[in-house]
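Report on the structure given below.
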Amino acid sequence: MTSIVRDQWYVAAYGREVARELFSRTVCGESILFWRTEAGDVTAMSDRCVHRRFPLSQEPSHLVGDTVVCGYHGFTYGSDGVCVAVPGQTRVPRTARLKAYPVVEQDSFVWVFIGDPDRAATTDIPRAPWLAQDGWTTVSGMEPLAARASLLVDNLMDLSHETYLHGGYIGTPEVAETPITTEVDEEARVVYVSRHMADAACPPFYARSTGIEGRITRWQDIEYHPPCLYLLHSRIAPAGVLPPEEGPDDQAFHVEVVYAITPETEHSTHDFWMVARDFALDDQGVTDFLAESNRTVVLQDVVALDVLEKVVEGEKENYQELSINIDTGGLAARRLLAAMVEEGAAEQAPVAVR
Amino acid sequence: MTSIVRDQWYVAAYGREVARELFSRTVCGESILFWRTEAGDVTAMSDRCVHRRFPLSQEPSHLVGDTVVCGYHGFTYGSDGVCVAVPGQTRVPRTARLKAYPVVEQDSFVWVFIGDPDRAATTDIPRAPWLAQDGWTTVSGMEPLAARASLLVDNLMDLSHETYLHGGYIGTPEVAETPITTEVDEEARVVYVSRHMADAACPPFYARSTGIEGRITRWQDIEYHPPCLYLLHSRIAPAGVLPPEEGPDDQAFHVEVVYAITPETEHSTHDFWMVARDFALDDQGVTDFLAESNRTVVLQDVVALDVLEKVVEGEKENYQELSINIDTGGLAARRLLAAMVEEGAAEQAPVAVR
Amino acid sequence: MTSIVRDQWYVAAYGREVARELFSRTVCGESILFWRTEAGDVTAMSDRCVHRRFPLSQEPSHLVGDTVVCGYHGFTYGSDGVCVAVPGQTRVPRTARLKAYPVVEQDSFVWVFIGDPDRAATTDIPRAPWLAQDGWTTVSGMEPLAARASLLVDNLMDLSHETYLHGGYIGTPEVAETPITTEVDEEARVVYVSRHMADAACPPFYARSTGIEGRITRWQDIEYHPPCLYLLHSRIAPAGVLPPEEGPDDQAFHVEVVYAITPETEHSTHDFWMVARDFALDDQGVTDFLAESNRTVVLQDVVALDVLEKVVEGEKENYQELSINIDTGGLAARRLLAAMVEEGAAEQAPVAVR
């Protein structure tokens, strides 16, 4: 039984990863070939030659202008995936075309649509505008996770783990101690989880980047758009400093922590992470510190979740977890994801019956 | 179909392996967490947090006094496995408790009971008293075996293999040549296999440790208590020297070779080995020699059995082995083990039916 | 469902690989032990002791004269596989014998018959006489392939891939451009594929070995004897030089490229390759060059086919390839192989029904 939601947009790559070279990434179990045309547009097509399914990303496959030439027998495809040449004959079979994927470049990401391409145009792509916007400086990376995507969703929806798994980086006792509020927008399919700490220790991650000494008011406002995009609006200010009734909140420091959670397979995930800030924009020291710190934090999660994946795989069926208040957001996310998987299955059912 | 006997005591560790650190070992497919309380008692509980099944042996999980704190979200458990604290709320759910295992420290081992804990008190733990007794000096170790436990049982029940696999260490031609006698105590469930060599070459293992020059009378008396404990009573004396009718057998050298055969999974085994002697008690040279020699012998078995495991896994079903006289003890052991597995299955059947 | 044809001869080794040491190779999923008797004859028997299936090729198993002694318990077998000694008793069970394989040494190969031994005598072994014949010099090797044999058959039946995968070695544009002719001898079960290039660039492989400068007439005449033997008769001459109506074709250079395609398992293959030439017979420089070049070419195939194996294993069932004219020979080979597999299944069916 799949846990992957189809008929949705997924982040396949950062725009900077796709250039005039053949680049392959597996998204939701589908091997997809990406490259940029001479005009600079990103293409996305199946990474399997129609002839003998040789991966088009595999050497000696290569680009020639706006075509890709298979390294096995020379089948040649245009940027739309249509085959334009085959060996040993001049006639190209009409059915010789690679599956092409709807693709959009936005907010520094390359998004691809997984599922029925006809639904792409009517399916929203959620936004993370800070990542490519004036007034913000962003650090980012991607770590491969040998764990199913739902374990990363669980992890990010319940930040009480910061206190234990990320102590010394972003965790302090107050994160685990402070209760959360959770809201679910069933129609828009967004889960909101908020934790507002009025008077908390300032973890090194924020102390060194903002320069605040002493205790802080720390707000964590999560906004999860299943399946792929997770936003954490983080507000840091000296203890007691709240947003003004009117005008800009310029006594506070704002950090937008963004994750794109893209299943590679049923049991592995591309863990894209970004940290955008509205302060110290040109301070390379802060940039380097946040990049290194956040990568360390992500790798702490990767170690833990890779272990958990093995645990879950080895577990007997019908294993019963115990959930408490902090899990409200994570459980809501699971519920939405399960409903979306089921919808996909229902839509595909008539096809399967034929 | 499982080959693991349940409702039995198994050696999980040497007592020396369990200290004031979190220690995990998988026994019969169950991941068990061991640690010593401040008072020095060994605890045994499930190595999976009840919340999101994070292994409690995994960093940054840690001990705080007589509690263990989960490194993911901070669930905290006492030495009885009962949860005493959870994040974000003061109420601890009543069902939040780890499975606790009956545990006994005896004869240098940590024994755990695998199965229905209510049967632990009425199930005997077999003894190997020499391992922690005055008048005996013991060397010991544990080697991980990537093979099912039954292959190690086969190996140890038929010592004719010493001649071939352990030539130059403990094997001489007489071991393979001398017939065995086998007895089975069906009620007590013990298999006895004896091989008494009246006039045999003395292998290096015994020549160097006892100082005997020339030929020996060598007795091997096996006593196997399925599933876990294997005892080899080994008597070495100059050729022709038999035990006296009365009084101590002090012209002979006695060695108690003990194995604890603990399934880790269906296809891997903890191979605990010990050699206790009643001579040269304080001779460090003899101690070092026996430790090194026996470890070498065990590793020769490990190499052979790891190969055999792969052979058996790759074999077609209904493969027919050919057995001869030397296999009588091994076949009896298999029969007892199969009966014990079947009993366990029968007892669990009504539960499975509900 | 197996893809391995039974009741056929397969190349198990080069004759030079089998000497007075125990040598094991898995052929069509069967582990076979090879060694040479003191008289120099090759023996082939099951590599599993009948007692506890210890591999007879595994140390400390060893040869004693014309017998092999199992390293686990000392079961001893003659060159016909019959057991001649067991431990602990003088009587040897009558059924104690290893499966013996029909074996023939021919054309530098050790051929074994996989299937019902009674069919061996009436089943032809195809010939590759140049490999051990005066007037020819041969280089050869074997590369392990982590891919099913049929992927190597596909590869070799369609040489248009030389242009792309082996450019700079044996590929030029003309190979992919020139149409092929295909013939199938249904009765003899041979597939012929020919590509005659009248005026082609000379690839480095032939330019450096023959010394020809300028363009060439290049003939590729494939003769595939499924399942195991593939012959490529390659004729190279200066452009326009055709064979004379009468007399020897001594204005041309002849190369016999031979592959033996032996399944190791359903998903791995022994890729034996040989290049025999009728020129520069004693030129060590040419010998070294052809050996190194052809090994490089074979390894390019190995890399590609190992990737393809993973692709095919990960593919959904009912995957549809697209085939074109160049695939005619490969498709014919697949059809013959499938028919031969089906025959084997039909012959075995009555046995399975009993």
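A:TRP111 meets the conditions (1) over 26 Å from the mean Cα position of the chain (by Cα); (2) of a type in the set (A, V, I, L, M, F, W, C); (3) within 23 Å of A:TYR10 (Cβ to Cβ) in every case but one. The failed one is (1).
The one condition from (1) open to solvent by 70 Å² or more (accessible area, probe 1.4 Å); (2) modelled with pLDDT of 95 or more that C:ASN318 does not meet is (2). Examine region B:294-310 for a residue that is away from chain C (no Cβ under 14 Å) and open to solvent by less than 30 Å² (accessible area, probe 1.4 Å), and state whether such a residue exists. Yes: region B:294-310 contains one or more residues that are away from chain C (no Cβ under 14 Å) and open to solvent by less than 30 Å² (accessible area, probe 1.4 Å). Beta carbons closer than 9 Å, at least 6 apart along the sequence or on distinct chains, pair a first residue in region C:297-313 that is without any contact (Cβ under 8 Å) to a residue 24 or more places away in the chain with a second that is open to solvent by 10 Å² or more (accessible area, probe 1.4 Å) and among the small types (Gly, Ala, Ser) for C:LYS310/C:ALA146; C:VAL311/A:SER31. Kindly evaluate A:PRO102 against the criterion of being away from chain C (no Cβ under 14 Å) and touching a Lys or Arg at 6+ places or on another chain (Cβ under 8 Å). So A:PRO102 does not fit the description; no. Condition (residue is in contact with a strand residue (DSSP E or B) (Cβ under 8 Å, 6 or more places away or on another chain) and over 30 Å from C:GLU343 (Cβ atoms)) applied to region C:94-116: is it met by at least one residue? Yes, region C:94-116 contains at least one residue that is in contact with a strand residue (DSSP E or B) (Cβ under 8 Å, 6 or more places away or on another chain) and over 30 Å from C:GLU343 (Cβ atoms).
For region B:59-94, which positions are within 10 Å of chain A (Cβ to nearest Cβ), touching a residue at least 24 places away in the same chain (Cβ under 8 Å) and open to solvent by 30 Å² or more (accessible area, probe 1.4 Å)? Within region B:59-94, just B:HIS62 meets the criteria.
Results for (1) open to solvent by 20 Å² or more (accessible area, probe 1.4 Å); (2) in contact (Cβ under 8 Å) with a residue 24 or more places away in the chain; (3) of a type outside the set (A, V, I, L, M, F, W, C), shown as yes or no for each residue.
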residue: C:LEU98; (1), (2), (3): no, yes, no
residue: C:VAL103; (1), (2), (3): yes, yes, no
residue: C:ASP107; (1), (2), (3): no, yes, yes
residue: C:ILE125; (1), (2), (3): yes, yes, no
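Of A:PRO93, A:PRO55, all but one fail to be modelled with pLDDT of 95 or more, assigned to a loop (DSSP other than H, G, I, E, B) and under 21 Å from C:GLY171 (Cα atoms); the exception is A:PRO55.
Scanning region C:117-133 for residues that are in a helix (DSSP H, G or I), farther than 16 Å from C:TYR14 by Cα and either touching a strand residue (DSSP E or B) at 6+ places or on another chain (Cβ under 9 Å) or within 14 Å of another protein chain (Cβ to nearest Cβ) (or both) returns C:PRO117, C:ARG119. Within region C:321-335, residues that are open to solvent by less than 10 Å² (accessible area, probe 1.4 Å) reach partners that are of a type in the set (Phe, Trp, Tyr) with beta carbons closer than 7 Å, at six or more positions or on different chains, in the pairs C:ALA333/C:TYR224. So which residues in region A:38-47 are surrounded by 23 or more Cβ atoms within 10 Å (Cβ to Cβ) and out of contact with any Pro (no Cβ under 6 Å at 6 or more places or on another chain)? Within region A:38-47, A:ALA44, A:MET45 qualify. The set of residues in region A:267-308 being within 27 Å of B:SER24 (Cβ to Cβ) and out of contact with any helix residue (DSSP H, G or I) (no Cβ under 8 Å at 6 or more places or on another chain) consists of A:SER268, A:THR296, A:VAL298, A:LEU299, A:VAL302, A:VAL303, A:ASP306, A:VAL307.
Candidates in region A:184-226 are the residues that are closer than 29 Å to A:GLU342 by Cβ and outside any strand (DSSP E or B); of these, the one that is most open to solvent (accessible area, probe 1.4 Å) is A:GLU187.
Checked across region B:23-35, the condition of being farther than 21 Å from B:THR265 by Cα and either facing chain A (nearest Cβ under 10 Å) or part of a loop (DSSP other than H, G, I, E, B) (or both) holds for no residue. Which residues, counting only those in region B:158-183, are over 21 Å from B:ARG295 (Cβ atoms) and in a helix (DSSP H, G or I)? Residues satisfying the conditions are B:PRO173, B:GLU174, B:ALA176, B:GLU177.
Would you confirm whether any residue within region C:259-274 is open to solvent by 10 Å² or more (accessible area, probe 1.4 Å) and assigned to a loop (DSSP other than H, G, I, E, B)? Yes. A Cβ distance below 8 Å, combined with a sequence gap of six or more or placement on separate chains, defines the contacts here; from region C:147-165, residues that are away from chain A (no Cβ under 11 Å) reach residues that are part of a loop (DSSP other than H, G, I, E, B) and open to solvent by less than 30 Å² (accessible area, probe 1.4 Å) in the pairs C:ALA149/C:ILE4; C:ALA149/C:PRO227; C:VAL153/C:PRO226.
For A:ALA339, the stated conditions hold: it is closer than 25 Å to A:TYR192 by Cβ, assigned to a helix (DSSP H, G or I), open to solvent by 40 Å² or more (accessible area, probe 1.4 Å) and modelled with pLDDT of 95 or more. Evaluation of B:TYR14 against the conditions (1) within 14 Å of chain A (Cβ to nearest Cβ); (2) hydroxyl-bearing (Ser, Thr, Tyr); (3) more than 30 Å from A:GLU177 (Cβ to Cβ) shows that the sole unmet condition is (1). Here is a check on your reading of the model: is C:VAL191 in contact with a Gly (Cβ under 6 Å, 6 or more places away or on another chain), within 20 Å of C:ILE326 (Cα to Cα) and more than 14 Å from chain A (Cβ to nearest Cβ)? Spelling it out, C:VAL191 is indeed in contact with a Gly (Cβ under 6 Å, 6 or more places away or on another chain), within 20 Å of C:ILE326 (Cα to Cα) and more than 14 Å from chain A (Cβ to nearest Cβ).
A single member of C:ASP288, C:ASP282 is open to solvent by 40 Å² or more (accessible area, probe 1.4 Å), assigned to a helix (DSSP H, G or I), away from every other protein chain (no Cβ under 13 Å) and more than 20 Å from C:SER160 (Cβ to Cβ), and it is C:ASP288.
Considering the conditions (1) in contact (Cβ under 8 Å) with a residue 40 or more places away in the chain; (2) surrounded by fewer than 22 Cβ atoms within 10 Å (Cβ to Cβ), B:LEU229 is excluded by exactly one of them, (2). Could you look through region B:130-170, keep only residues that are among the hydrophobic types (A, V, I, L, M, F, W, C) and open to solvent by 30 Å² or more (accessible area, probe 1.4 Å), and pick out the one that is nearest to the chain's Cα centre (by Cα)? So, considering only residues that are among the hydrophobic types (A, V, I, L, M, F, W, C) and open to solvent by 30 Å² or more (accessible area, probe 1.4 Å), the one nearest to the chain's Cα centre (by Cα) is B:MET142.
The values are calculated or read from the model by the stated rules, or taken from the named source; none is laboratory data. This is a predicted model, so every value here is computed, not measured. Positions of Cβ are backbone-derived with ideal geometry, glycine not excepted, and every protein chain shown enters the neighbour counts. For accessibility, only protein heavy atoms count, side chains too; no ligands or nucleic acids. Shrake-Rupley method; radii C 1.70, N 1.55, O 1.52, S 1.80 Å.
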